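Each remark here refers to the structure printed beneath this line.
The values are calculated or read from the model by the stated rules, or taken from the named source; none is laboratory data. The shown structure was predicted, so the numbers you read here are calculated from the model rather than taken from an experiment. Here the Cβ is made from the backbone with ideal geometry for all residues, glycine too, and neighbour counts use every protein chain on show. What goes into the accessible areas is simple: the full protein's heavy atoms, side chains included, and nothing from ligands, DNA or RNA. Shrake-Rupley method; radii C 1.70, N 1.55, O 1.52, S 1.80 Å.
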Amino acid sequence: MERQPIIDALTGSGAPLTVEELALRLGVDQDQRDALALVLAELERDGRVVRNRAGLLLITARADLLSGQVQGHREGHGFLLRDDGGPDLVLVDHEMSKVLHGDRVLARMNGADRRGRPLGEIVEVIEHRTNRLVGRLLNERGVTIVVPEDQRIQHDILVPPQASAQARHGQVVVVEIIQQPQRYVQPIGRVVEVLGQIEDPGMEIEIAVRKFAVPYRFSDEAQQQAQALPTQVEPRDRKGRVDLRDIPLVTIDGEDARDFDDAVYCEPIERKGWRLIVAIADVSHYVEPGSALDREAQSRSTSVYFPRRVIPMLPEPLSVGLCSLNHDVERVALVCDLVIGPKGAIKAYQFYPALMRSHARLNYTEVWEALAVPGSSAQRQHHALLPQLRNLHRLYEVLAGARAQRGALDLETVETQIVCDPNGRIERIVPRVRNDAHRLIEECMLAANVCAADFLHRARHQGLYRVHEGPTPQKLEALRLSLRAFGLQLDGGSAPEPAHYAKLVKAVRARPDAQLLQTMVLRSMQQAVYTPHNSGHFGLAYEAYTHFTSPIRRYPDLLVHRTLKAVLAGRHYQPSLYAADGATLDCGTAMSCWEKLGSLCSANERRADEASRDVEAWLKSYYVRERTGETFSGSISAVVPFGVFVVLDDLYVEGLVHVSELGSEYFHFNEALHELRGERTGLRFRLAERLTVQVARVDLEARRIDFRLVKPGAAVSGAARPDAADSTERGRRRRVGESVDERRTRQARRAERLAARSTKKVAPSGLRRGKVGVGGRKRRRGGAPR
């Protein structure tokens, strides 16, 4: 069914229509109702048609309305993220009083703010999406309220006396909204769960999973299905599988890994290169489409990793049991068997279901020790596997050469690991050191993923690709301006290739500010997403790429497994999309279903990342709070109009030095140069420059760390005036952390300078009554400062 007749019918009506009235106007019979519903859903998604609270359909353009989702801001205002992709509308405080963060609304443009951004006026709330939230319960003068943990929600929730569930003052609770906010009416709710005190171990994770709506409890049906599965491979599971149990496949993961998706084996082929076997846990053999386990996996889309805790995509009997390639246990797998040429090109590959047994559970540290340290304990312990490990490392060197040849980005950013004590609090933050053991597994997984994408493409079967597009023109221009300030340039003109980026990254690798420059390059690119429309992977320089190697913890990988097995069996795989209540939704066309699944998995991936970052930010804030008043050195990681963000060298945490702490003058922000420059002194603060700062305050609720400037370090002053050095010194008068002796010495030197100046002859016209002198005090005519 075409879209335009629907739009014309709704435009020509004098009032909003029901679906039945629209169908009558279009002459749509009962058999065509599903097609009509599908086109209406597409129009709603594009923001051209909306339903009001009565369920009536109307054209947004005709009513001069825009539909979208409200995004709150901690400062009290908000934004309308438009469905049609246009510029966001700013919602001022009194507009936000009508809604909560996440609500869907109809709004109209209402002028512009002082910065020229379009303002929005909310006309109608289409859908309230925040029905539950987590926060602190407070009793104030006999009134009970819940202050939301999510600072994008500015409303306090009023709790009637009989609805507090006996929660005590200061406890963290989950409240259900029973009356949504209106212009002059506060939202009302009732406590449905008491989580405990804010200082309780693990509370930050309990808050995060509820704050970001991460599913953390499996349904009873899903748990029953998981418990009903066997604990080991049964005879019927072996049918139709290639027996690889005698091949010494090994798993190589981190020391703290609990689930093992992949195992690898490598052997040389005389004059032909290498044979690489990548065996991936066959999760699709146990998680059937449409089952409760499948519905739960789709609603999560990914496992969520926190310090000391994981919210798995699948119940533990599967994720760490039956589907995990544990050591010396028989498992079913889906195998990618590759032939790789001497120069790293994939010459041939095949996929097949297999039966395997992991011959060793290795970790990155011991593998690299066995390869790099002759006579080490790891080398002695894994002596029998050493030839295969060396084969894997030689193959890695070949694949790494091919990676550089095709121009893939190789960003070496510093990742940190939070080490917690038994109570869940941070003991220390340490950098994760990557070695060739990490890289060789990464290259093996990349090779298998590329083969899976190529297989889907050649079979002309729809599926989910992992797509990473190049930078937008706006981001590209911003990157070029920023690089120019560092004396760098990006080749490639208006359409740079991955190789141009790789050349730039290689050029900055030896610089002391390499980490920050690489982060700047990374931020200039678009976010990778899941979509059935393949447009390649820019960062990896692949024409087609997908995710195949982690079906235990990523739902797109599970979908790819099902698609591969269907093609191998000569069938077609049609995925399903489930509603929140578990019902199967009618997606219409197969492509539409794949598109919606791609959007869902991409959104849930971002949700998991946000929850993980929120927990890490809380833990880091708690960790730094105990160090308030201490002084650290660090580098400027970002420059914003209101200050500079600094990453500490020793603690690997980031905090803000507000612009008011930089000096007693006005500072001008230059976005292209990533710079704040003092108006009077010319003092500049730039990206990657060194500072010494003091921990001033920590806000646990906002996950915010504020620093106070102690020493500008590498910050430089301008040379616009001959007295720039002296004015720079005056611009730094606001001293922080200065000792008593240092202050007395400075005051004595200042008194000497003033005394010397007072002996000079001054023309009467040189000083007027009331003029402010160097010392900041008024001077009498011809006399010394009082």
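Residue-level check: of (1) within 25 Å of the chain's Cα centre (by Cα); (2) closer than 25 Å to Phe306 by Cβ; (3) in contact (Cβ under 8 Å) with a residue 60 or more places away in the chain, Tyr465 misses just (2).
Taking the stated definitions as given, is Val287 over 22 Å from the mean Cα position of the chain (by Cα) and either of a type outside the set (Val, Ile, Thr) or part of a loop (DSSP other than H, G, I, E, B) (or both)?
Working: over 22 Å from the mean Cα position of the chain (by Cα): yes; either of a type outside the set (Val, Ile, Thr) or part of a loop (DSSP other than H, G, I, E, B) (or both): yes.
So Val287 passes the test.
Scanning the stretch 71-111 for residues that are buried (at least 22 other Cβ atoms within 10 Å of the Cβ), without any contact (Cβ under 8 Å) to a residue 40 or more places away in the chain and among the aliphatic types (A, V, I, L, M) turns up Leu89, Leu91, Val105.
Among all residues of the stretch 463-484, there is none that is at pLDDT 90 or above, polar (S, T, N, Q) and open to solvent by less than 50 Å² (accessible area, probe 1.4 Å).
Among residues of the stretch 145-167 that are free of Cβ contacts under 8 Å to residues at least 60 places away in the same chain and open to solvent by 60 Å² or more (accessible area, probe 1.4 Å), those with a beta-carbon under 9 Å from a residue that is outside any loop (DSSP other than H, G, I, E, B) and not hydroxyl-bearing (Ser, Thr, Tyr) at least six positions away or on a different chain give the pairs Gln162/Arg190; Gln166/Val191; Gln166/Val194.
Only one entry of Leu26, Leu56, Leu40 meets the criterion of being touching a residue at least 24 places away in the same chain (Cβ under 8 Å), more than 30 Å from Asp699 (Cα to Cα) and open to solvent by 40 Å² or more (accessible area, probe 1.4 Å), and that entry is Leu56.
When Ala528, Ala514 are checked against the criterion of being touching a helix residue (DSSP H, G or I) at 6+ places or on another chain (Cβ under 6 Å) and closer than 30 Å to Val639 by Cα, Ala514 stands alone in meeting it. Can you report the number of residues in the stretch 395-428 which are over 28 Å from Tyr501 (Cβ atoms) and basic (Lys, Arg)? Number of matching residues: 2. Residues in the stretch 644-672 that are in contact (Cβ under 8 Å) with a residue 60 or more places away in the chain, hydrophobic (A, V, I, L, M, F, W, C) and either farther than 20 Å from Glu415 by Cα or open to solvent by 20 Å² or more (accessible area, probe 1.4 Å) (or both): 1 in all.
Mind telling me which of the residues Gly189, Gly170 ends up being part of a strand (DSSP E or B) and open to solvent by less than 50 Å² (accessible area, probe 1.4 Å)?
On the way: Gly170 fails: part of a strand (DSSP E or B).
Every option except Gly189 fails the conditions.
Residues that are of a type in the set (S, T, N, Q) and either in a helix (DSSP H, G or I) or in contact with a Gly (Cβ under 6 Å, 6 or more places away or on another chain) (or both) within the stretch 196-254 comprise Gln223, Gln224, Gln225, Gln227, listed in sequence order.
Given the criteria at pLDDT below 80, touching a helix residue (DSSP H, G or I) at 6+ places or on another chain (Cβ under 7 Å), outside any strand (DSSP E or B) and not β-branched (Val, Ile, Thr), does Arg33 qualify?
Yes, satisfied.
Residues in the stretch 119-144 that are open to solvent by 50 Å² or more (accessible area, probe 1.4 Å) and not in a strand (DSSP E or B): His128, Arg129, Asn131, Arg141, Gly142. Out of all the residues in the stretch 453-505, which are over 23 Å from His674 (Cβ atoms) and touching a helix residue (DSSP H, G or I) at 6+ places or on another chain (Cβ under 8 Å)? Scanning the stretch 453-505 gives Phe455, Leu456, Ala459, His461, Gln462, Gly463, Leu464, Tyr465, Arg466, Pro498, Ala499. Of all residues in the stretch 312-336, those that are farther than 22 Å from Phe218 by Cβ have Cβ atoms under 6 Å from Cβ atoms of residues that are polar (S, T, N, Q) and crowded, with 22+ Cβ neighbours inside 10 Å, 6 or more apart or on another chain, in Leu325/Thr251; Leu325/Ser358; His327/Ser358.
Quick check: is even one residue across the stretch 536-555 in a helix (DSSP H, G or I), open to solvent by 40 Å² or more (accessible area, probe 1.4 Å) and among the basic types (Lys, Arg)? No, the stretch 536-555 contains no residue that is in a helix (DSSP H, G or I), open to solvent by 40 Å² or more (accessible area, probe 1.4 Å) and among the basic types (Lys, Arg). Regarding Gly629, is this residue in contact with a strand residue (DSSP E or B) (Cβ under 9 Å, 6 or more places away or on another chain), modelled with pLDDT of 90 or more and outside any strand (DSSP E or B)? Yes, satisfied.
If we only count helices (runs of 4 or more DSSP H) wholly inside the stretch 319-436, which ones have 1 or more residues that are modelled with pLDDT of 95 or more and loosely packed, with under 15 Cβ neighbours inside 10 Å?
The qualifying helices (runs of 4 or more DSSP H) are 386-406.
Hey, does the stretch 607-620 have a residue that's more than 30 Å from Asp421 (Cβ to Cβ) and assigned to a helix (DSSP H, G or I)? There is no residue in the stretch 607-620 that is more than 30 Å from Asp421 (Cβ to Cβ) and assigned to a helix (DSSP H, G or I).
In the stretch 586-595, what residues are surrounded by 18 or more Cβ atoms within 10 Å (Cβ to Cβ) and in a helix (DSSP H, G or I)?
Scanning the stretch 586-595 gives Cys593, Trp594, Glu595.
Per this entry, Arg677 is not counted among residues that are of a type outside the set (A, V, I, L, M) and touching a helix residue (DSSP H, G or I) at 6+ places or on another chain (Cβ under 7 Å).
Only one of Asp243, Asp282, Asp256, Asp262 is surrounded by 15 or more Cβ atoms within 10 Å (Cβ to Cβ) and out of contact with any Ser or Thr (no Cβ under 7 Å at 6 or more places or on another chain); which?
Going through Asp243, Asp282, Asp256, Asp262 in turn, just one is surrounded by 15 or more Cβ atoms within 10 Å (Cβ to Cβ) and out of contact with any Ser or Thr (no Cβ under 7 Å at 6 or more places or on another chain): Asp282.
Of everything in the stretch 173-186 that is β-branched (Val, Ile, Thr) and open to solvent by less than 30 Å² (accessible area, probe 1.4 Å), the residue that is farthest from Ile207 (Cα to Cα) is Ile177. Exactly one of (1) farther than 27 Å from Val50 by Cβ; (2) at pLDDT 90 or above is unmet by Arg115. Its number? For Arg115, the exception is condition (2). Which of the following residues is touching a Phe, Trp or Tyr at 6+ places or on another chain (Cβ under 6 Å), more than 30 Å from Tyr623 (Cβ to Cβ), not acidic (Asp, Glu) and not in a strand (DSSP E or B): Ala452, Ala502, Ala447, Ala478? Of Ala452, Ala502, Ala447, Ala478, the one residue that is touching a Phe, Trp or Tyr at 6+ places or on another chain (Cβ under 6 Å), more than 30 Å from Tyr623 (Cβ to Cβ), not acidic (Asp, Glu) and not in a strand (DSSP E or B) is Ala452. Which members of the stretch 673-690 meet the condition of being free of Cβ contacts under 8 Å to residues at least 60 places away in the same chain, aliphatic (A, V, I, L, M) and closer than 18 Å to Met520 by Cβ? The answer is Leu676, and nothing else. Leu522 fulfils the conditions (1) touching a strand residue (DSSP E or B) at 6+ places or on another chain (Cβ under 7 Å); (2) surrounded by fewer than 19 Cβ atoms within 10 Å (Cβ to Cβ) except for a single criterion, (1).
Candidates in the stretch 300-318 are the residues that are in contact with a strand residue (DSSP E or B) (Cβ under 7 Å, 6 or more places away or on another chain) and hydroxyl-bearing (Ser, Thr, Tyr); of these, the one that is surrounded by the most Cβ atoms within 10 Å (Cβ to Cβ) is Thr302.
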